[in-house]
1. Could we say that A:Leu234 is within 14 Å of another protein chain (Cβ to nearest Cβ) and part of a strand (DSSP E or B) here?
2. Mind telling me which of the residues B:Asn349, B:Asn386, B:Asn316 ends up being away from chain A (no Cβ under 14 Å), closer than 30 Å to A:Ile141 by Cα and at pLDDT 90 or above?
3. Kindly provide the set of residues from the range A:164-193 that are more than 21 Å from A:His127 (Cα to Cα) and not hydrophobic (A, V, I, L, M, F, W, C), ordered by number.
4. Right, B:Asp186: away from chain A (no Cβ under 11 Å), under 16 Å from the mean Cα position of the chain (by Cα) and more than 30 Å from B:Pro272 (Cα to Cα) or not?
5. Determine which single condition A:Val258 fails, assuming it passes every other condition in (1) within 10 Å of another protein chain (Cβ to nearest Cβ); (2) aliphatic (A, V, I, L, M); (3) buried (at least 21 other Cβ atoms within 10 Å of the Cβ).
6. Tell me, which helices (runs of 4 or more DSSP H) wholly within the range B:212-320 include 2 or more residues that are under 30 Å from B:Leu398 (Cα atoms)?
7. Pairs, please: C-beta under 7 Å, at least 6 apart or cross-chain, first residue facing chain B (nearest Cβ under 7 Å) and within 14 Å of A:Leu246 (Cα to Cα) and in the range A:146-166, second in a loop (DSSP other than H, G, I, E, B) and of a type in the set (Gly, Ala, Ser)?
8. Out of B:Arg276, B:Arg286, I need the residue that is closer than 17 Å to B:Gly381 by Cα, of a type outside the set (A, V, I, L, M, F, W, C), in contact (Cβ under 8 Å) with a residue 12 or more places away in the chain and within 14 Å of chain A (Cβ to nearest Cβ). Which one?
Amino acid sequence: MNRFWCFFFSGAAAIAVLFSAIGPSYGWWFPGASFSPLGAQIDDLFYLILVITSVTFIGVHIVLGYILWQYGSGKPRRASFLHGSHALEVVWSIVPAGVLLFIALYQMDVWARYRVKSNFDPAAVAHPVAEVTARQFEWRIRYPAPGKTLQDKPQPDDLYTVNDLHVPVGKPVLIKLRSEDVLHSFFLPHLRVKQDAVPGLSIPVWFQADKAQVYDLVCAELCGWGHYKMRGQLTAQRAEEYKAYLDELSQTQFDDGVAAKKNDE
Amino acid sequence: MRVQLPIPSVLFVSAWLLAGCGQPPPATFVLNEKATKLLIPEAQETLKQVLADNFGDPNQLVAWQKFPIDYGAAQPGPDNKDRDADGWRLKEGRNLYMQHCLHCHGVSGDGNGPTARFLNPRPRDYRQGVFKFKSTQAPFKPAHADLVRVLKEGIPGTYMPSFVLLGDEKLGMIVDYVRWLSIRGDMEIKLYNELAAAGATPKDVASTVENLLQEAKEDGGKRPGKSELNRKTIDDVMKGINDGLAETVETVASDIAESWAKAEEPESVIAPKVKRTPPSPASIDRGRKLYLSQVQGKKTQCADCHGPAGRGDGPNTEQFWPIPGTTPERKYETVGLHDEWGFPQQPRNLTRGVYRGGRRPVDIYRRIFAGIRGTQMPGFGGTVLNDEEIWDVVNYVLSIPFDGKASAYPTEVETEPKAEVADVRKQEAGDRGQ
């Protein structure tokens, strides 16, 4: 048992560092680079904190390993009595507090951009693209009629879909997030957007997708037995495609079936 | 310090942790409680055998070619191992069904999966072959496309979510498996009816035995034992059934196959012949009058169930209704309307703007034209209302959630109330005040 604990703790730390280092090349990491400008900033924050915590983690484990090595040899030795060290306590309080304060101040800008409504893009706030209502276990989407503004209350010419949110690409868009039953969470992993949906609240969420493609939309709050299959998708489209999509939706929704030839088409 | 754990407690904890591991029992189709289970055991066995021969069990499906279902012809090739045998589509549909549908709708499609009892409204029981939301004429089965549509859109207002992201191919397979389950359940019920008519119920057997005893008594000859008579009666009944069984199964299957095939014919679909009347105030007003049965000779009686203000609280929801097919007549224990499956059912509250069967004008047209199968909602098309009148009612129904200024279609009724309409408005105002 002489140096077992030394190897145990140092080894565990070394394995953790090793796995973190090789993780990205095995895809155990973010789902690709962020597809939104804010997402890139959020990633930067993440990496900053990762660096700080990694340095601390490795440092702590080096010290821990050293002490276990040094004093775990089993040689009998007397412990020396120490009645505390004022200077040491001040240092180990001030340094972490300073680090935390630095993180708290440094991230404010990004947080404000993401969450403080006065910083949102005014055009996106004035014309939310859709209201997304989470319910067990799907995302119900309500768009305003083309050319109109989304109202809090449903309007007769609103357009409805489910699980497939379409937004224009390359510009900030805002959705109103609601929940019909329990807590859900609107999570766009590729855009680094995550926001809980709370029953009774209409929460504005903005994001920007920079590439015209289909992104995953998942629920990130355990909402019931079907939580794992509460999936949707976000389709970012060029302006003209987006408009065509809404027009088609409008045509389908106000279909009076007179031209219908085949079964239910 | 060492913690001493007594060995029994260790064993107990491990046993408790391991409980529930291991293979679950294999999935099986269960017999219909309201049909097969009411027969004498011998007939139950026969019926079970017929179903097993023609449909198999969940792990060994039988694709009976009689029915208009695309079971999937073999597509052998190096890349598609799962498609190398006939019936691969049905199998794949089953796998998807087991993954996505079973926990509510049950292995047998009896709407009685593990989560079903927590849900209101209950998940659909497919076995009657009755589906609510469809585009076909009232008595017909739903078309394939109707069921795909339900899977894509989900049913707002119920627990049925949307499965749109599974894609058309997979949805098509699920729908075919559901149709197959429905056919299986339908066969079971229809064969039960045949067998019951042939006297294979405990009640019929008992009364036959009673008659035979009576006759023997009157003849005054040797008194046969009751159990012997019972055995003999059952043997006779079963012999009669078994002699004609193949033919009966064939006839019943043909009827069911035909009904599903018919749903796919273009002329089975309800297609409005005239275009929708634009939702003008005048049209909405006409629709309102029809809704309230205020038009001479047009007794729609919508308000009897849906209420004068469309809140789904009409007088019919406050009565105790008789259970159909019971003699002597018994009544449901819960107040209000019940559906064909015997569950309490509320007429739709039209003020909510939630339309289970779809919100397109044509969806609502079809609900009014053909009614809703399995419920008390009758069809009005071709009998009470003509196309233009149905469109007026559709326009009115679609305008109900948007009263007053919030409406994009503000009605004249709001600003210039007419006599009889004004009365209803007052009543509505009274309702709201309460």
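1. The answer is yes for A:Leu234.
2. One residue alone meets the criteria, B:Asn349.
3. A:Glu180, A:Asp181, A:His184, A:Ser185, A:Pro189, A:His190, A:Arg192 - these are the residues of the range A:164-193 that are more than 21 Å from A:His127 (Cα to Cα) and not hydrophobic (A, V, I, L, M, F, W, C).
4. Against the criterion (away from chain A (no Cβ under 11 Å), under 16 Å from the mean Cα position of the chain (by Cα) and more than 30 Å from B:Pro272 (Cα to Cα)), B:Asp186 qualifies.
5. Among (1) within 10 Å of another protein chain (Cβ to nearest Cβ); (2) aliphatic (A, V, I, L, M); (3) buried (at least 21 other Cβ atoms within 10 Å of the Cβ), A:Val258 violates only (3).
6. B:281-291, B:302-306
7. These pairs meet every condition: A:Asp157/A:Ala145; A:Asp157/B:Ala408; A:Val162/B:Gly154; A:Val162/B:Ser162.
8. B:Arg276
The values are calculated or read from the model by the stated rules, or taken from the named source; none is laboratory data. Bear in mind the structure is a predicted one, so any value in this text is a computation, not a measurement. Note: ideal-geometry Cβ built from the backbone for every residue, glycine included; neighbour counts use all protein chains shown.
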